[in-house]
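Below: one structure, written as structure tokens.
Computed from the coordinates by the stated procedures, all read-outs in this text should not be read as laboratory data. Owing to the predicted nature of the structure, the values given are computational and were not obtained by experimental measurement. Glycine gets a Cβ as well: all are built from the backbone with ideal geometry, and neighbour counts include every protein chain shown.
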Amino acid sequence: MRIRIGYELVYEFPQPTPVILTLSVHYSRASDLVRPDHLITDPSIPVTAYRDGFGNWCSRLVAPQGRLRLTADALINDSGLPEVALPNTWQIDVQNLPEETLVFLLGSRYCETDQLSDIAWKLFGQAPMGWGRVQAICDFVHNHIKFGYEHASATKTALQVYNERTGVCRDYAHLAIAFCRCMNIPARYCTGYLGDIGMPPPYGAMDFAGWFEAWLGGAWYTFDARNNQPRIGRVLIARGRDAADVAISTCFGENKLESFKVWTDEVV
């Protein structure tokens, strides 16, 4: 299967402003790209790239005063198969975890493990360890939160999501991540493309998606508390402790996002 992915972001800047973008397809999917997701700016300006501490590809630029349009339009190969569930995958004891996973046990900007720990153990302490426990967390979060773009907030944390019971995909991921960490399961935030391939209509407006990965049985596995079912055509952009590490854009000055479009469509 081939999937067309891309975006168009239009900003207005009152003065020249440094910007960091995390919009490039993750290096782990680079070999699947048939047409690269090159960043195109209008007007044309210099862009440099670097890899951050989590291995994500990031772009740096200085936006000129006025209107700036950012676009990419790529084509990527995908297996076309639904994600696989492995319910017998076991949880690794903390003392045996690889050092690189330990940071994903700790609290972070949007995941207050210290304030959610007692709640997590009451809810999931009797759930089977390993895959079954992560799935129990996803089931709870999926049913606990009411989805709606009107509930989106750049400052909403996992604890607030738990109390308010509303949010968007990143909020589902943050609460599930926090619960996993409370239960001694490393979990990290993921952002990327996820369309409606293989799903029945009606289809909602397209956006970048947020999900998470949990470390079980010696590997990272994808979980999605928002959709809570295997999906087709998920394309990773970036991973981090939470959404603060993988913001699609970080602008160091005043700006206005005037237009936002994302697409991910099967090419027939």
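Would you mind telling me the antiparallel percentage of the DSSP bridges in the chain, rounded to 5? If I count the DSSP bridges inside the chain, around 95 percent turn out antiparallel.
Computed extension gain for Phe260 through Tyr50, at 0.36 nm per residue and net of the alpha carbon distance, reaches 73.2 nm. In a DSSP loop and with at most 15 other Cβ atoms within 10 Å, the GluC sites (Glu not before Pro) in region 162-268 are Glu254.
About its Cα centre, the dipole of the chain is roughly 40 debye, where the only charges are +1 on Lys and Arg Cβ and -1 on Asp and Glu Cβ. By the scheme Lys and Arg +1, Asp and Glu -1, what is the net charge of all other residues having a beta-carbon under 11 Å from that of Ala238? Local charge sum for Ala238: +1.
Dividing the Cα radius of gyration of the chain by its Kirkwood radius returns 0.97 for Rg/Rh.
Applying both filters, DSSP loop and at most 15 other Cβ atoms within 10 Å, to the chymotrypsin sites (Phe, Trp or Tyr not before Pro) of region 180-268 gives Tyr203, Phe252. The convex hull built on the alpha-carbon positions of region 94-244 has an orientation-averaged projected area of 8.7 nm².
If only the Cβ of Lys and Arg carry +1 and only the Cβ of Asp and Glu carry -1, the dipole of region 121-265 around its Cα centre is close to 380 debye.
Here the label points at Leu81 and Gln115, each 7 Å from Cα along the C-beta direction, are separated by 4.2 nm in the simple model. Taking the fewest neighbouring Cβ atoms within 10 Å as the starting point, the ordered list for Leu70, Leu106 is Leu106, Leu70.
Stretched out straight at 0.36 nm per residue, the stretch from Val103 to Ser249 would grow longer than its current Cα-Cα span by 50.2 nm.
Amide H to amide H distances under 5 Å link Gly107 with Thr113, where only residues 5 or more positions off or on other chains count and H is placed in the peptide plane. Sorted fewest first by neighbouring Cβ atoms within 10 angstrom, Ile92, Ile185, Ile20 come out as Ile20, Ile92, Ile185.
Modelled spin-label separation between Asp42 and Arg2, with each label point placed 7 Å from Cα along the Cα-to-Cβ direction: 2.3 nm. For the pair Ser31 and Gln95, label points projected 7 Å from Cα toward Cβ lie 3.8 nm apart. Counting charges near Lys261 (Lys, Arg +1; Asp, Glu -1) among other residues having Cβ under 12 Å from its Cβ returns a value of -3. Karplus-derived 3J(HN,Hα) values for region 201-215, using 6.51 cos²θ - 1.76 cosθ + 1.60 with θ = phi - 60°, are x, x, 10, x, 5, 7, 8, 5, 10, x, 8, 8, 10, 10, 8 Hz; glycine and proline are entered as x.
A straight chain from His144 to Arg60 at 0.36 nm per residue would run longer than the Cα-Cα distance by 26.4 nm. When a/c reaches 1.5 or more, the comparison of a/b and b/c decides; with that in mind, is region 50-109 rounded, prolate or oblate per its Cα gyration tensor? Oblate, because a/c is 1.5 or more while a/b does not exceed b/c. Ordering Thr264, Thr157, Thr41 from the fewest to the most neighbouring beta carbons within 10 Å gives Thr41, Thr157, Thr264. Across the chain, Cα pairs under 8 Å and at least six residues apart give a relative contact order of 30 percent. Which lysines, if any, have their Cα less than 17 Å from the Cα of Lys146, not counting same-chain residues under 8 positions apart? Reachable lysines: Lys156.
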